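The values are calculated or read from the model by the stated rules, or taken from the named source; none is laboratory data. As the structure is a computational prediction, the values presented were derived from the model and not from experiment. Glycine gets a Cβ as well: all are built from the backbone with ideal geometry, and neighbour counts include every protein chain shown. Areas reflect the complete protein model, heavy atoms only, side chains present, ligands, DNA and RNA absent. Shrake-Rupley method; radii C 1.70, N 1.55, O 1.52, S 1.80 Å.
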Amino acid sequence: MYTLHEETKEITDIILAARDKAREEVGKSEPEAQFAKPMTWPVQCTVGPGLEGAIACESKVGYVNGSKGMLVYRGYDIFDLCAYSTFEEVSYLLVHGELPNTSQLREFNCSLARFRSLPMTLRRLGGFPVENINTMAALRIGTMMMRQRLSFRDSQSARPDPNTAISADEDSIPMETKPMGEPHAIYEFKKKQLERPKDARETQDESESVQSCMHLISGMATIAAGVARMREEKMPIEPDTELSHAANLLYMMTGRKPTPIEERVMDVALILHADHGMNASTFASMVVASTLSDIYFSVGAGIAALNGPLHGGANEQVLRLLQEIGPAAKVSSWFEQATREKRRIMGFGHRVYKAYDPRARILGPLAKFLIQEKKEMRPLYNTARELEKKVVTTLGAEKKIFPNVDFYSGIVYAAMGIEPELFTPIFAVSRVSGWCARILEYLDNNRIFRPRAMYIGEFDKEYVPIGKRGAKKNARKK
Ligand code: ACO
(Lines give C-alpha, C1' and ligand atoms only; values in the text may rest on other atoms or scores of the structure.)
Protein backbone atom coordinates (compact mmCIF):
# COMPACT_ATOMS: atom_id res chain seq x y z
CA MET A 1 0.00 0.00 0.00
CA TYR A 2 2.70 2.50 0.96
CA THR A 3 4.98 2.28 -2.05
CA LEU A 4 5.56 6.03 -2.15
CA HIS A 5 8.75 6.18 -0.13
CA GLU A 6 10.53 2.92 -0.96
CA GLU A 7 13.86 4.61 -1.63
CA THR A 8 13.88 6.34 1.72
CA LYS A 9 12.62 3.55 3.94
CA GLU A 10 15.15 4.51 6.64
CA ILE A 11 13.33 7.82 7.08
CA THR A 12 9.95 6.07 7.31
CA ASP A 13 11.39 3.73 9.93
CA ILE A 14 12.67 6.68 11.98
CA ILE A 15 9.22 8.29 11.92
CA LEU A 16 7.44 5.07 12.85
CA ALA A 17 9.90 4.47 15.70
CA ALA A 18 9.18 8.01 16.96
CA ARG A 19 5.45 7.27 16.77
CA ASP A 20 5.87 4.03 18.73
CA LYS A 21 7.93 5.80 21.38
CA ALA A 22 5.27 8.50 21.72
CA ARG A 23 2.53 5.89 22.11
CA GLU A 24 4.59 3.99 24.64
CA GLU A 25 5.17 7.11 26.71
CA VAL A 26 1.78 8.84 26.54
CA GLY A 27 -0.51 6.04 25.36
CA LYS A 28 -2.88 6.40 22.44
CA SER A 29 -3.96 10.03 22.53
CA GLU A 30 -7.60 10.87 22.86
CA PRO A 31 -8.90 14.37 22.08
CA GLU A 32 -9.73 16.61 25.07
CA ALA A 33 -13.49 16.99 25.35
CA GLN A 34 -13.35 20.74 26.04
CA PHE A 35 -11.43 21.54 22.83
CA ALA A 36 -12.97 19.09 20.38
CA LYS A 37 -16.70 19.73 20.14
CA PRO A 38 -19.08 22.05 18.26
CA MET A 39 -19.66 25.39 19.96
CA THR A 40 -22.80 27.28 20.75
CA TRP A 41 -22.05 30.99 20.66
CA PRO A 42 -21.56 32.96 22.82
CA VAL A 43 -19.08 30.68 24.49
CA GLN A 44 -17.96 30.71 28.11
CA CYS A 45 -14.24 30.19 28.55
CA THR A 46 -11.46 31.26 30.86
CA VAL A 47 -9.08 33.60 29.08
CA GLY A 48 -5.56 34.31 30.27
CA PRO A 49 -3.07 36.96 29.11
CA GLY A 50 -2.10 36.57 25.46
CA LEU A 51 -5.63 35.20 24.83
CA GLU A 52 -4.60 31.92 26.47
CA GLY A 53 -7.64 29.63 26.51
CA ALA A 54 -9.75 31.89 24.26
CA ILE A 55 -11.83 30.12 21.62
CA ALA A 56 -11.62 32.18 18.41
CA CYS A 57 -13.62 29.93 16.06
CA GLU A 58 -14.54 26.36 15.20
CA SER A 59 -12.28 24.49 12.79
CA LYS A 60 -11.99 21.13 11.07
CA VAL A 61 -8.48 21.82 9.78
CA GLY A 62 -6.35 20.53 12.61
CA TYR A 63 -6.11 19.77 16.29
CA VAL A 64 -3.39 19.87 18.95
CA ASN A 65 -3.71 17.98 22.23
CA GLY A 66 -1.07 19.74 24.28
CA SER A 67 -1.24 17.50 27.33
CA LYS A 68 -0.59 14.35 25.29
CA GLY A 69 1.61 15.71 22.49
CA MET A 70 -0.91 14.87 19.78
CA LEU A 71 -1.14 16.66 16.42
CA VAL A 72 -3.79 15.93 13.83
CA TYR A 73 -4.50 17.41 10.38
CA ARG A 74 -8.08 16.83 9.23
CA GLY A 75 -8.31 13.67 11.38
CA TYR A 76 -4.95 12.17 10.33
CA ASP A 77 -2.17 11.69 12.86
CA ILE A 78 0.99 13.70 12.10
CA PHE A 79 3.19 10.60 12.43
CA ASP A 80 1.20 8.77 9.72
CA LEU A 81 1.23 11.79 7.41
CA CYS A 82 5.00 12.14 7.78
CA ALA A 83 5.56 8.41 7.29
CA TYR A 84 3.34 7.89 4.28
CA SER A 85 2.32 11.17 2.66
CA THR A 86 3.90 14.11 0.80
CA PHE A 87 3.67 17.86 1.26
CA GLU A 88 1.58 18.17 -1.90
CA GLU A 89 -0.93 15.61 -0.63
CA VAL A 90 -1.01 17.22 2.83
CA SER A 91 -1.58 20.67 1.31
CA TYR A 92 -4.48 19.26 -0.70
CA LEU A 93 -5.82 17.65 2.48
CA LEU A 94 -5.60 20.88 4.46
CA VAL A 95 -7.16 23.09 1.78
CA HIS A 96 -9.83 20.69 0.44
CA GLY A 97 -10.57 18.67 3.59
CA GLU A 98 -9.95 15.18 2.14
CA LEU A 99 -6.94 13.27 0.87
CA PRO A 100 -6.92 13.43 -2.94
CA ASN A 101 -7.40 10.45 -5.25
CA THR A 102 -4.84 9.87 -8.02
CA SER A 103 -6.41 12.17 -10.61
CA GLN A 104 -7.12 14.92 -8.07
CA LEU A 105 -3.50 14.83 -6.92
CA ARG A 106 -2.26 14.87 -10.52
CA GLU A 107 -4.37 17.92 -11.26
CA PHE A 108 -3.26 19.61 -8.02
CA ASN A 109 0.40 18.92 -8.83
CA CYS A 110 -0.07 20.37 -12.34
CA SER A 111 -1.50 23.56 -10.86
CA LEU A 112 1.35 23.80 -8.36
CA ALA A 113 3.86 23.31 -11.19
CA ARG A 114 2.16 26.06 -13.21
CA PHE A 115 2.27 28.48 -10.28
CA ARG A 116 5.84 27.61 -9.29
CA SER A 117 7.44 29.65 -12.02
CA LEU A 118 7.44 33.35 -11.08
CA PRO A 119 9.94 35.12 -13.33
CA MET A 120 8.22 38.52 -13.20
CA THR A 121 7.88 38.47 -9.41
CA LEU A 122 11.52 37.50 -9.00
CA ARG A 123 12.58 40.23 -11.41
CA ARG A 124 10.69 42.75 -9.34
CA LEU A 125 12.11 41.36 -6.11
CA GLY A 126 15.57 41.62 -7.64
CA GLY A 127 15.07 45.39 -7.72
CA PHE A 128 15.44 45.37 -3.93
CA PRO A 129 18.77 44.99 -2.11
CA VAL A 130 17.79 41.45 -1.06
CA GLU A 131 21.35 40.63 0.04
CA ASN A 132 21.10 43.38 2.66
CA ILE A 133 17.66 42.79 4.09
CA ASN A 134 16.17 40.34 6.53
CA THR A 135 15.19 37.16 4.70
CA MET A 136 11.65 37.17 6.11
CA ALA A 137 11.23 40.78 5.01
CA ALA A 138 12.39 39.77 1.51
CA LEU A 139 10.01 36.80 1.53
CA ARG A 140 7.19 39.12 2.53
CA ILE A 141 8.02 41.64 -0.18
CA GLY A 142 8.18 38.86 -2.76
CA THR A 143 4.90 37.39 -1.57
CA MET A 144 3.23 40.78 -1.82
CA MET A 145 4.60 41.09 -5.36
CA MET A 146 2.95 37.85 -6.36
CA ARG A 147 -0.22 39.89 -6.21
CA GLN A 148 0.49 41.84 -9.35
CA ARG A 149 -2.83 42.78 -10.84
CA LEU A 150 -4.90 45.65 -9.59
CA SER A 151 -8.50 44.82 -8.99
CA PHE A 152 -11.34 47.29 -9.13
CA ARG A 153 -11.28 47.19 -5.33
CA ASP A 154 -7.77 48.66 -5.33
CA SER A 155 -8.73 51.39 -7.74
CA GLN A 156 -10.85 52.99 -5.08
CA SER A 157 -7.72 53.68 -3.09
CA ALA A 158 -6.22 55.46 -6.11
CA ARG A 159 -2.76 53.90 -6.10
CA PRO A 160 -0.64 53.95 -9.26
CA ASP A 161 -0.70 50.79 -11.34
CA PRO A 162 2.54 48.93 -10.45
CA ASN A 163 2.83 47.72 -14.05
CA THR A 164 2.80 51.29 -15.31
CA ALA A 165 5.17 52.29 -12.56
CA ILE A 166 7.72 49.61 -13.40
CA SER A 167 7.57 50.17 -17.13
CA ALA A 168 7.54 53.97 -16.95
CA ASP A 169 10.28 55.63 -18.97
CA GLU A 170 12.45 57.37 -16.40
CA ASP A 171 12.85 60.43 -18.63
CA SER A 172 9.13 60.94 -18.65
CA ILE A 173 9.07 61.29 -14.86
CA PRO A 174 9.37 64.99 -14.13
CA MET A 175 12.18 64.68 -11.59
CA GLU A 176 12.93 68.38 -11.89
CA THR A 177 9.61 69.24 -10.43
CA LYS A 178 10.40 70.35 -6.91
CA PRO A 179 8.94 67.97 -4.35
CA MET A 180 7.06 70.66 -2.51
CA GLY A 181 4.64 68.25 -0.95
CA GLU A 182 2.23 68.22 -3.86
CA PRO A 183 0.94 64.67 -4.30
CA HIS A 184 2.15 64.60 -7.92
CA ALA A 185 5.49 66.35 -7.51
CA ILE A 186 7.73 63.37 -8.22
CA TYR A 187 5.67 60.64 -9.78
CA GLU A 188 3.27 61.86 -12.43
CA PHE A 189 1.53 58.54 -12.97
CA LYS A 190 -1.71 58.78 -14.73
CA LYS A 191 -4.29 57.58 -12.30
CA LYS A 192 -5.88 54.54 -13.80
CA GLN A 193 -9.45 54.19 -12.68
CA LEU A 194 -10.46 50.60 -13.05
CA GLU A 195 -14.08 50.10 -13.93
CA ARG A 196 -16.15 48.09 -11.57
CA PRO A 197 -17.04 44.96 -13.58
CA LYS A 198 -20.77 44.38 -13.92
CA ASP A 199 -20.65 41.07 -12.06
CA ALA A 200 -18.11 42.22 -9.49
CA ARG A 201 -18.51 41.24 -5.85
CA GLU A 202 -16.92 42.90 -2.89
CA THR A 203 -15.00 39.74 -1.97
CA GLN A 204 -13.08 37.12 -3.91
CA ASP A 205 -15.23 34.19 -4.97
CA GLU A 206 -14.42 30.67 -3.82
CA SER A 207 -12.51 29.52 -6.91
CA GLU A 208 -10.55 32.79 -7.10
CA SER A 209 -9.53 32.31 -3.46
CA VAL A 210 -8.54 28.66 -3.91
CA GLN A 211 -6.44 29.61 -6.95
CA SER A 212 -4.74 32.35 -4.91
CA CYS A 213 -3.99 29.80 -2.18
CA MET A 214 -2.39 27.41 -4.65
CA HIS A 215 -0.44 30.28 -6.17
CA LEU A 216 0.87 31.11 -2.68
CA ILE A 217 1.54 27.52 -1.56
CA SER A 218 3.55 26.87 -4.68
CA GLY A 219 5.05 30.30 -5.28
CA MET A 220 6.35 31.05 -1.80
CA ALA A 221 8.88 28.24 -2.20
CA THR A 222 10.11 29.91 -5.38
CA ILE A 223 10.41 33.25 -3.61
CA ALA A 224 12.22 31.75 -0.59
CA ALA A 225 14.64 29.96 -2.91
CA GLY A 226 15.06 33.15 -4.96
CA VAL A 227 15.87 35.06 -1.76
CA ALA A 228 18.45 32.40 -0.85
CA ARG A 229 20.11 32.85 -4.26
CA MET A 230 19.97 36.65 -4.32
CA ARG A 231 21.54 36.85 -0.84
CA GLU A 232 24.53 35.11 -2.38
CA GLU A 233 24.37 37.40 -5.39
CA LYS A 234 23.38 34.51 -7.64
CA MET A 235 20.58 34.41 -10.18
CA PRO A 236 17.35 32.61 -9.19
CA ILE A 237 16.83 29.20 -10.76
CA GLU A 238 13.73 28.16 -12.71
CA PRO A 239 11.79 25.30 -11.11
CA ASP A 240 12.01 21.85 -12.65
CA THR A 241 8.59 20.48 -13.59
CA GLU A 242 9.79 16.90 -12.97
CA LEU A 243 10.59 17.54 -9.31
CA SER A 244 8.37 17.45 -6.22
CA HIS A 245 7.70 20.59 -4.19
CA ALA A 246 10.36 19.71 -1.56
CA ALA A 247 12.93 18.75 -4.21
CA ASN A 248 12.21 21.93 -6.16
CA LEU A 249 12.69 24.06 -3.04
CA LEU A 250 16.14 22.54 -2.48
CA TYR A 251 17.00 22.61 -6.18
CA MET A 252 16.00 26.25 -6.63
CA MET A 253 18.03 27.18 -3.52
CA THR A 254 21.21 25.30 -4.35
CA GLY A 255 21.13 24.62 -8.09
CA ARG A 256 21.76 20.96 -7.32
CA LYS A 257 19.15 18.21 -7.57
CA PRO A 258 18.76 16.82 -4.04
CA THR A 259 19.38 13.19 -3.15
CA PRO A 260 16.26 11.11 -2.36
CA ILE A 261 17.13 11.36 1.35
CA GLU A 262 17.46 15.17 1.24
CA GLU A 263 14.21 15.47 -0.69
CA ARG A 264 12.38 13.21 1.76
CA VAL A 265 13.73 14.96 4.85
CA MET A 266 12.69 18.33 3.45
CA ASP A 267 9.29 16.89 2.56
CA VAL A 268 8.82 15.60 6.11
CA ALA A 269 9.89 18.99 7.52
CA LEU A 270 7.34 20.73 5.28
CA ILE A 271 4.58 18.33 6.36
CA LEU A 272 5.45 18.82 10.03
CA HIS A 273 5.27 22.62 9.91
CA ALA A 274 2.16 22.91 7.71
CA ASP A 275 -0.46 23.58 10.38
CA HIS A 276 -0.67 24.00 14.12
CA GLY A 277 -3.94 25.22 15.54
CA MET A 278 -4.50 28.89 16.28
CA ASN A 279 -0.84 29.79 16.56
CA ALA A 280 0.17 33.47 16.39
CA SER A 281 0.89 33.62 12.65
CA THR A 282 -2.25 31.68 11.71
CA PHE A 283 -4.33 33.96 13.89
CA ALA A 284 -2.62 37.06 12.45
CA SER A 285 -3.39 35.93 8.90
CA MET A 286 -6.99 35.12 9.84
CA VAL A 287 -7.48 38.51 11.49
CA VAL A 288 -6.41 40.22 8.27
CA ALA A 289 -8.58 37.89 6.15
CA SER A 290 -11.57 38.60 8.38
CA THR A 291 -11.49 42.24 7.27
CA LEU A 292 -12.03 40.93 3.69
CA SER A 293 -8.56 42.01 2.74
CA ASP A 294 -7.32 39.45 0.23
CA ILE A 295 -5.34 36.26 0.80
CA TYR A 296 -1.99 37.76 -0.22
CA PHE A 297 -2.25 40.49 2.40
CA SER A 298 -3.40 37.90 4.94
CA VAL A 299 -0.44 35.63 4.22
CA GLY A 300 1.84 38.67 4.44
CA ALA A 301 0.58 39.18 8.00
CA GLY A 302 1.28 35.52 8.74
CA ILE A 303 4.87 35.90 7.51
CA ALA A 304 5.34 38.98 9.69
CA ALA A 305 4.06 37.19 12.81
CA LEU A 306 6.05 34.04 12.12
CA ASN A 307 9.27 36.03 11.99
CA GLY A 308 9.33 36.70 15.75
CA PRO A 309 11.79 34.75 17.93
CA LEU A 310 8.97 33.62 20.23
CA HIS A 311 7.36 31.93 17.22
CA GLY A 312 8.93 30.64 13.97
CA GLY A 313 12.03 32.82 14.34
CA ALA A 314 13.13 30.57 17.21
CA ASN A 315 14.62 27.97 14.83
CA GLU A 316 17.37 30.34 13.71
CA GLN A 317 17.98 31.46 17.30
CA VAL A 318 18.42 27.84 18.46
CA LEU A 319 21.38 27.32 16.17
CA ARG A 320 22.98 30.54 17.35
CA LEU A 321 22.36 29.51 20.95
CA LEU A 322 24.02 26.11 20.46
CA GLN A 323 27.00 27.85 18.86
CA GLU A 324 27.13 30.25 21.81
CA ILE A 325 27.18 27.35 24.31
CA GLY A 326 29.99 25.54 22.49
CA PRO A 327 30.88 21.94 23.43
CA ALA A 328 28.42 19.69 25.26
CA ALA A 329 30.59 19.84 28.40
CA LYS A 330 29.70 23.52 28.76
CA VAL A 331 25.93 22.98 28.78
CA SER A 332 25.67 22.64 32.54
CA SER A 333 27.45 25.88 33.42
CA TRP A 334 25.72 27.73 30.59
CA PHE A 335 22.35 26.50 31.82
CA GLU A 336 23.05 27.57 35.44
CA GLN A 337 23.90 31.06 34.25
CA ALA A 338 20.91 31.22 31.87
CA THR A 339 18.63 30.22 34.77
CA ARG A 340 20.16 32.89 37.01
CA GLU A 341 19.61 35.49 34.30
CA LYS A 342 16.04 34.18 33.72
CA ARG A 343 16.83 33.70 30.03
CA ARG A 344 14.34 32.06 27.70
CA ILE A 345 15.91 29.02 26.10
CA MET A 346 15.03 29.07 22.45
CA GLY A 347 13.40 25.93 21.05
CA PHE A 348 11.78 25.02 24.38
CA GLY A 349 8.34 25.62 25.81
CA HIS A 350 5.00 26.05 24.18
CA ARG A 351 1.68 27.71 24.96
CA VAL A 352 -0.25 24.52 24.20
CA TYR A 353 2.16 21.59 24.60
CA LYS A 354 2.74 20.58 28.17
CA ALA A 355 4.21 17.30 26.91
CA TYR A 356 6.86 16.43 24.33
CA ASP A 357 6.06 18.10 20.98
CA PRO A 358 5.45 15.27 18.45
CA ARG A 359 7.24 17.31 15.78
CA ALA A 360 10.40 17.39 17.91
CA ARG A 361 10.05 13.63 18.39
CA ILE A 362 10.48 13.28 14.62
CA LEU A 363 12.99 16.05 13.96
CA GLY A 364 15.37 14.96 16.78
CA PRO A 365 16.04 11.49 15.33
CA LEU A 366 16.15 12.93 11.80
CA ALA A 367 18.87 15.33 12.93
CA LYS A 368 20.77 12.39 14.43
CA PHE A 369 20.39 10.45 11.18
CA LEU A 370 21.65 13.32 9.02
CA ILE A 371 24.70 14.15 11.10
CA GLN A 372 26.04 10.61 10.64
CA GLU A 373 27.35 11.87 7.31
CA LYS A 374 28.30 15.31 8.65
CA LYS A 375 31.08 14.77 11.13
CA GLU A 376 31.62 18.50 11.55
CA MET A 377 28.08 18.88 12.91
CA ARG A 378 28.36 16.24 15.59
CA PRO A 379 29.56 18.60 18.36
CA LEU A 380 26.55 20.88 17.73
CA TYR A 381 24.18 17.92 17.85
CA ASN A 382 25.81 16.63 21.05
CA THR A 383 25.37 20.05 22.65
CA ALA A 384 21.70 20.01 21.62
CA ARG A 385 21.18 16.57 23.15
CA GLU A 386 22.87 17.62 26.38
CA LEU A 387 20.81 20.81 26.57
CA GLU A 388 17.64 18.85 25.93
CA LYS A 389 18.46 16.47 28.81
CA LYS A 390 19.23 19.39 31.11
CA VAL A 391 16.04 21.30 30.30
CA VAL A 392 13.76 18.26 30.39
CA THR A 393 15.05 17.10 33.78
CA THR A 394 14.75 20.58 35.31
CA LEU A 395 12.24 22.84 33.57
CA GLY A 396 10.41 19.82 32.14
CA ALA A 397 9.74 18.37 35.55
CA GLU A 398 9.01 21.74 37.13
CA LYS A 399 7.10 23.67 34.44
CA LYS A 400 6.39 21.12 31.70
CA ILE A 401 8.84 22.74 29.32
CA PHE A 402 10.00 20.40 26.54
CA PRO A 403 11.68 20.85 23.16
CA ASN A 404 9.36 22.31 20.53
CA VAL A 405 9.42 22.01 16.73
CA ASP A 406 12.12 24.66 16.44
CA PHE A 407 14.69 22.89 18.60
CA TYR A 408 15.93 20.32 16.08
CA SER A 409 14.68 21.76 12.78
CA GLY A 410 17.69 24.08 12.52
CA ILE A 411 20.14 21.17 12.90
CA VAL A 412 18.22 19.26 10.23
CA TYR A 413 18.38 22.19 7.79
CA ALA A 414 22.00 23.01 8.65
CA ALA A 415 22.94 19.37 7.99
CA MET A 416 21.51 19.85 4.50
CA GLY A 417 23.75 22.89 4.01
CA ILE A 418 21.06 25.52 4.49
CA GLU A 419 21.99 28.87 6.02
CA PRO A 420 20.33 29.79 9.38
CA GLU A 421 18.76 32.93 7.85
CA LEU A 422 16.65 30.65 5.66
CA PHE A 423 15.23 28.45 8.43
CA THR A 424 12.26 30.71 9.17
CA PRO A 425 11.44 31.37 5.48
CA ILE A 426 11.32 27.56 5.03
CA PHE A 427 8.91 27.39 7.97
CA ALA A 428 6.72 29.96 6.17
CA VAL A 429 6.92 28.00 2.89
CA SER A 430 5.27 25.14 4.76
CA ARG A 431 2.90 27.01 7.09
CA VAL A 432 1.32 28.85 4.16
CA SER A 433 -0.78 25.70 3.58
CA GLY A 434 -2.24 25.93 7.07
CA TRP A 435 -2.77 29.69 6.81
CA CYS A 436 -4.63 29.25 3.53
CA ALA A 437 -6.74 26.30 4.75
CA ARG A 438 -7.84 28.14 7.86
CA ILE A 439 -8.49 31.42 6.04
CA LEU A 440 -10.70 29.67 3.47
CA GLU A 441 -12.55 27.82 6.21
CA TYR A 442 -13.08 30.98 8.28
CA LEU A 443 -14.29 33.01 5.28
CA ASP A 444 -17.14 30.51 4.79
CA ASN A 445 -18.73 32.04 7.89
CA ASN A 446 -16.74 35.21 8.22
CA ARG A 447 -17.11 37.65 11.06
CA ILE A 448 -14.48 40.33 11.53
CA PHE A 449 -12.20 39.63 14.52
CA ARG A 450 -12.66 42.41 16.97
CA PRO A 451 -11.89 41.68 20.62
CA ARG A 452 -11.83 44.36 23.28
CA ALA A 453 -9.21 45.61 25.67
CA MET A 454 -10.09 46.49 29.24
CA TYR A 455 -9.43 50.22 29.63
CA ILE A 456 -7.40 50.83 32.78
CA GLY A 457 -6.36 54.39 31.99
CA GLU A 458 -7.66 57.66 33.38
CA PHE A 459 -10.72 59.78 32.52
CA ASP A 460 -11.62 63.47 32.72
CA LYS A 461 -8.09 64.85 32.39
CA GLU A 462 -7.83 68.53 31.61
CA TYR A 463 -5.99 69.47 28.40
CA VAL A 464 -2.92 71.60 29.28
CA PRO A 465 -1.33 73.74 26.52
CA ILE A 466 2.18 72.54 25.62
CA GLY A 467 3.94 75.61 27.04
CA LYS A 468 2.51 74.95 30.48
CA ARG A 469 3.34 71.26 30.81
CA GLY A 470 6.78 71.63 32.42
CA ALA A 471 9.48 68.94 32.56
CA LYS A 472 8.17 65.39 32.62
CA LYS A 473 9.69 61.97 32.22
CA ASN A 474 8.92 60.12 29.01
CA ALA A 475 6.16 57.76 30.15
CA ARG A 476 7.67 54.76 28.30
CA LYS A 477 11.19 55.19 29.72
CA LYS A 478 10.96 53.67 33.15
N1 ACO B 1 12.96 28.86 28.63
C2 ACO B 1 12.88 29.09 29.96
N3 ACO B 1 11.71 29.28 30.62
C4 ACO B 1 10.59 29.23 29.88
C5 ACO B 1 10.61 28.99 28.48
C6 ACO B 1 11.85 28.82 27.87
N7 ACO B 1 11.95 28.59 26.55
N8 ACO B 1 9.35 29.01 28.02
C9 ACO B 1 8.55 29.25 29.07
N10 ACO B 1 9.31 29.39 30.20
C11 ACO B 1 8.82 29.61 31.57
C12 ACO B 1 8.46 31.07 31.78
O13 ACO B 1 9.57 31.79 32.26
C14 ACO B 1 7.34 30.95 32.78
O15 ACO B 1 7.93 30.71 34.04
P16 ACO B 1 7.25 31.35 35.38
O17 ACO B 1 5.87 30.76 35.42
O18 ACO B 1 8.14 30.90 36.47
O19 ACO B 1 7.25 32.82 35.16
C20 ACO B 1 6.62 29.67 32.40
O21 ACO B 1 7.59 28.89 31.71
C22 ACO B 1 5.43 29.91 31.47
O23 ACO B 1 5.88 30.70 30.40
P24 ACO B 1 4.95 31.67 29.55
O25 ACO B 1 5.76 32.83 29.11
O26 ACO B 1 3.69 31.96 30.30
O27 ACO B 1 4.60 30.75 28.34
P28 ACO B 1 3.85 31.23 27.03
O29 ACO B 1 2.83 30.23 26.75
O30 ACO B 1 3.41 32.63 27.15
O31 ACO B 1 5.03 31.22 25.95
C32 ACO B 1 6.54 30.47 24.34
C33 ACO B 1 5.22 30.20 25.04
C34 ACO B 1 6.54 31.88 23.75
C35 ACO B 1 6.72 29.49 23.20
C36 ACO B 1 7.70 30.31 25.36
O37 ACO B 1 7.74 28.98 25.83
C38 ACO B 1 9.04 30.71 24.79
O39 ACO B 1 9.39 31.89 24.84
N40 ACO B 1 9.84 29.75 24.24
C41 ACO B 1 11.09 30.07 23.61
C42 ACO B 1 10.89 30.54 22.18
C43 ACO B 1 10.48 29.41 21.28
O44 ACO B 1 11.09 28.36 21.26
N45 ACO B 1 9.44 29.66 20.48
C46 ACO B 1 8.95 28.71 19.51
C47 ACO B 1 7.66 28.11 19.96
S48 ACO B 1 7.08 26.92 18.79
C49 ACO B 1 6.50 27.87 17.52
O50 ACO B 1 6.01 28.94 17.72
C51 ACO B 1 6.64 27.38 16.21
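Numbers at a glance
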{"item": "Ala36 paired with Ala453, simple spin-label distance in nm, labels 7 Å along Cα-to-beta-carbon", "result": "3.7 nm"}
{"item": "Relative contact order (%) - the chain, alpha-carbon pairs under 8 angstrom, separation at least six", "result": "20 percent"}
{"item": "Within-12-Å neighbourhood charge of Pro379 [Cβ basis; K, R +1; D, E -1]", "result": "+3"}
{"item": "Accessible surface, per residue, of segment 315-415 when the full set of protein chains is kept, probe 1.4 Å, Å²", "result": "47 Å²"}
{"item": "Length added when fully stretched, Lys354-Asn446, from 0.36 nm per residue minus Cα-Cα", "result": "30.0 nm"}
{"item": "Separation in nanometres of the label points that stand 7 Å from Cα toward Cβ, at Ser67 and Glu373", "result": "4.3 nm"}
{"item": "Cα→Cβ-extended label distance, 7 Å offset, between Leu310 and Glu131, nm", "result": "3.6 nm"}
{"item": "Antiparallel DSSP beta bridges within the chain, percent to nearest 5", "result": "90 percent"}
{"item": "The chain - percent of accessible surface contributed by carbon and sulfur, probe 1.4 Å", "result": "52 percent"}
{"item": "Segment 252-341, relative contact order in percent, only Cα pairs under 8 angstrom and at least six apart counted", "result": "16 percent"}
{"item": "DSSP-loop GluC sites (Glu not before Pro) across segment 370-409, with at most 15 other Cβ within 10 angstrom", "result": "Glu373"}
{"item": "Normalised contact order of segment 315-415, rounded percent, pairs of Cα under 8 Å and 6 or more residues apart", "result": "46 percent"}
{"item": "Options Met230, Leu387, His245, ranked by Cα towards positive dipole end of the chain, top entry (Cβ charges)", "result": "Leu387"}
{"item": "Solitary cysteines of the chain, where the nearest other Cys Cβ is not under 4.7 Å", "result": "Cys45, Cys57, Cys82, Cys110"}
{"item": "Evaluated over the chain, the Cα radius of gyration and Dmax, each in Å", "result": "24.4, 81"}
{"item": "Charged-residue dipole, Cβ positions (Lys, Arg, Asp, Glu), segment 315-415 about Cα centre, Debye nearest 20", "result": "240 debye"}
{"item": "Entries in Lys9/Lys354; Lys21/Lys342; Lys28/Lys354 that, when Cα-Cα distance is taken, lie over 21 Å", "result": "Lys9/Lys354; Lys21/Lys342"}
{"item": "Residue-span extension gain [Asp13 to Arg320] - 0.36 nm each, minus C-alpha spacing", "result": "107.5 nm"}
{"item": "Cα centre as origin, Lys/Arg/Asp/Glu Cβ charges: the chain dipole, Debye", "result": "1980 debye"}
{"item": "Protection-proxy order for peptides 463-475, 268-280, each taking the mean of Cβ atoms within 10 Å per residue, highest first", "result": "268-280, 463-475"}
{"item": "Dimensions in Å of segment 315-415 - Rg and Dmax from alpha carbons", "result": "12.7, 37"}
{"item": "Calculated FRET efficiency for the pair Arg123/Lys21, C-beta based, R₀ 45 Å, to 0.05", "result": "0.40"}
{"item": "Helix-only [θ]222 nm of the chain, DSSP H runs n ≥ 4, -39500 (n - 2.57) each, per residue, nearest 500", "result": "-15000 deg cm²/dmol"}
